[in-house]
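One structure is given here, and the rest of the page talks about it.
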Amino acid sequence: MTRYVVSLLSLAMLTRCAFANPEVPGPPQKQPVALTNATIHPVSGPVVEQGTLVFDGGKITAIGKEVTTPANAEAIDLAGKHVYPGLFDALTDLGLVEINSVRATLDVQETGQINPNTRAIVAVNPDSELIPVARSNGVLLALTAPSGRLIPGRSAVIQLDGWTWEDMAVLPDAGLHIEWPQPPRAARRRSSETPVQPSPPPEEAAERLRKILADARAYAAARGADPNFPRDARWESLQDVLAGKLPVIVHADEVRQITAAVAFAEQEKLKLIIAGGYDTPLCESLLKKRDIPVIVGGVYRLPRRRGDEYDAAFSLPAKLHSAGIRFCISSQDRHGASSVRNLPYHAATAVAYGLSADEALKSITLRPAQILGLADRVGSLEVGKHATLFVATGDPLETSTQVEAAWIGGRKVELNDRHKRLYRKYEEKYQRLAP
């Protein structure tokens, strides 16, 4: 028996090592850094040509054309280069899923349907091979969320560098996720492709959600009346949701789901964010009236119904913008964390189908920060905000653009990754084979 247990532990360690990236997290900033002669894209304001950006202690201290470089600063001349805030993917399972088809690498779902106390942040694997891959394309921030049925748990906003999940946490609890019930014929798996339990009928599931919140309120009343009342982690974790301090992020695509979720949130006085949102143009007046933001669940999506226009998903961001609905774009699709690197190209496709280039860039930088309550720290290049930014050869929405350097919280991060290592390996192979 002892030999069997040791073998299992050894296998687990080998499995984790097999999917661990060798990139070393960036060291703390030791002196001011000045990026000079660059085209700076603050996102929240006009572009600064041949400008200078200075950051120290992990935060931006100066930005503009007439900026004095500190005497002790590391000055980096970026003539011909562009500086952007780190891209922000607002809905992923990054750090929770490594290889969708290998169940041992999935840590995205807990057993059962009611898990409001489950926290994605504590399950994030900082050694994931997919983190450096996403980082190499300018994605420096991400919301990582659990999946499952009904109430899968709480998501977190992470920065894509750090030794531990504590190092990576920007917002440890970003929102409580609810998979809004839908008819069985419309049911689809989330990006991780993990086995899921059958969903209950929509009316039954909605009624169950109401009872859960009622029980949580009753629990709070009981605890208030008697401090010795037994603690319950599930009901305890719902108190900040009921108080409106933590938003509820409802995954809903069909118009019936969206309208039902809005009515439910209004009745229960919850702070609501819609994730997915395929049918939001069909209820745009409802969302605008109640100022409910939408996390677009990926632009690279097929039409959900036979009669839909071929470009329904491609043109969704432009329609939301025209309707005055707050939104951001995520890379969520069936490939999950492995496609986070494609986030800028989701925004680029939205540009091709009617969204302005400026709004597209905001939808993957500033807008997710605003929707998730982090705009005072990240999302744009402004004095006082985190120095989470990257240097590129051109527009990040263009596939030809290369990211050449990046800093997260003022720490310069490694831009090597598994893709680049394999490229160099096989480049060498064919060079050796050349006559």
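The values are calculated or read from the model by the stated rules, or taken from the named source; none is laboratory data. Treat the numbers as computed from the prediction; the structure is a model and nothing was measured. Ideal geometry is used to build each Cβ from the backbone, glycine not excepted, and the neighbour counts take in all protein chains shown. To get the accessible areas, we keep the full protein, side chains included, count just its heavy atoms, and leave off ligands, DNA and RNA. Shrake-Rupley method; radii C 1.70, N 1.55, O 1.52, S 1.80 Å.
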Under a point spin-label approximation (7 Å from Cα along Cα-to-Cβ), what is the Ile99-Thr69 distance to one decimal in nm? 4.7 nm
If you take the charge dipole of segment 221-270 about its Cα centre, with +1 on Lys and Arg Cβ and -1 on Asp and Glu Cβ, which of Phe264, Gln239, Asn228 is farthest toward its positive end? Asn228
Filtered hits (aspartates and glutamates, Cα-Cα < 14 Å from Lys420, offset >= 8 within chain) -> Glu23, Glu129, Glu404, Glu428
Nearest 10 degrees, 0 to 90: what angle lies between the long axis of helix 418-433 and the longest principal axis of the chain (Cα atoms)? 50 degrees
Solvent accessible area, Å² - Glu98, 1.4 Å probe, full protein context: 20 Å²
Which of the lysines could be linked to Lys319 by a straight reach, that is with a Cα gap under 30 Å, when you skip same-chain ones fewer than 8 residues away? Lys245, Lys269, Lys271, Lys288, Lys289, Lys362
Total charge of the residues flanking Cys283 in space, meaning their Cβ is under 14 Å from its Cβ, with Lys and Arg +1 and Asp and Glu -1, is -1
If I model the chain as equal point scatterers sitting on the Cα atoms and use the Debye formula, what is log10 I(q)/I(0) at q = 0.09 Å⁻¹? -0.60
As an exercise, use a Förster radius of 51 Å and the Cβ-Cβ distance of Thr399 and Ala222 to find the FRET efficiency, rounded to the nearest 0.05. 0.35
Just to confirm the number: angle between the C-alpha axis of helix 255-268 and the first principal axis of the chain, 0 to 90 degrees, nearest 10? 80 degrees
So, counting K/R as plus one and D/E as minus one, what does the shell of residues with Cβ under 14 Å around Ser44 add up to? 0
Using only Cα atoms, tell me the angle between helix 343-352 and the longest principal axis of the chain; keep it within 0 to 90° and round to the nearest 10. 90 degrees
Carbon plus sulfur, as percent of the 1.4 Å-probe accessible area of segment 295-388, comes to 50 percent
Enter the accessible area of Asp226 (Å², nearest 10), with the probe set to 1.4 Å and all protein chains included. 70 Å²
Would you mind getting the accessible area per residue of the chain, heavy atoms of the protein chains only, 1.4 Å probe, in Å²? 46 Å²
Could you sort Glu254, Glu382 by their accessible area in this structure, using a 1.4 Å probe and putting the largest first? Glu382, Glu254
Sorted by average packing, counted as other Cβ atoms within 10 angstrom per residue and highest first, what order do 50-57, 209-216, 319-326 take? 50-57, 319-326, 209-216
How many angstrom separate the Cα center of segment 394-435 from the Cα center of segment 256-297? 40 Å
